[in-house]
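Report on the following structure.
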Amino acid sequence: MRNADCDGHTSADLSAYWLEQGFIACVLQGPDCDVVYEHMDHLTPLSRGGSHTLENLAPACGRCNMQKSAKTYDEWVRFVNKRRRAKVNGK
């Protein structure tokens with residue numbers, strides 16, 4: 001994980017990129033999550049070959065980021081959708 005690609009960005013670069021992308025809250029839950037981001041998520045986890053590049057970093061609330069754990073963003077979306085369907089179906 002220490003050897004993950006990094007594009008040399010600063011915190012200011014990251015903030016500007018997120019603002020440009022419209023990321024102002026938790027990217028994992030979007031409008032369903034009312035928490036302003038407090039974590040930085042690796043969309044593709046470092047443990048799964050992800051990088052420290054701007055395109056792989058997104059703001060997330062702590063709850064969502066901890067639940068996402070080592071899932072990729074696509075795996076996270078499937079996980080959340082399955083959980084929502086179960087809730088709707090009363091399971």
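We did not get these values from a lab; they are worked out from the coordinates using the rules stated. Here the structure is a predicted model, which is why all the values come from computation and not from measurement. When we count neighbours, we look across all protein chains shown, and the Cβ atoms used for this are built from the backbone with ideal geometry, even at glycine.
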Handout entry: Projected-area mean, the chain, by convex hull of Cα positions, square nanometres
Key = 6.2
Practice task
Take each of the peptides 57-70, 6-19, average the number of other beta-carbon atoms within 10 Å over its residues, and list them starting from the highest.
Solution key: 57-70, 6-19
Practice task
Multiply the residue separation of ASP7 and ARG83 by 0.36 nm, subtract the distance between their alpha-carbon atoms, and state the gained length in nm to one decimal.
Solution key: 23.8 nm
Practice task
Mind pulling the angle between the C-alpha long axis of helix 73-88 and the longest principal axis of the chain? Nearest 10 degrees, somewhere in 0 to 90.
Solution key: 20
Practice task
Kindly express, to the nearest 10 degrees and within the range 0 to 90, the angle between helix 11-21's C-alpha long axis and the longest C-alpha principal axis of the chain.
Solution key: 50
Fill in the blank from the handout: Per the beta carbon screen (other Cys under 4.7 Å), unpartnered cysteines of the chain come out as CYS6, CYS64
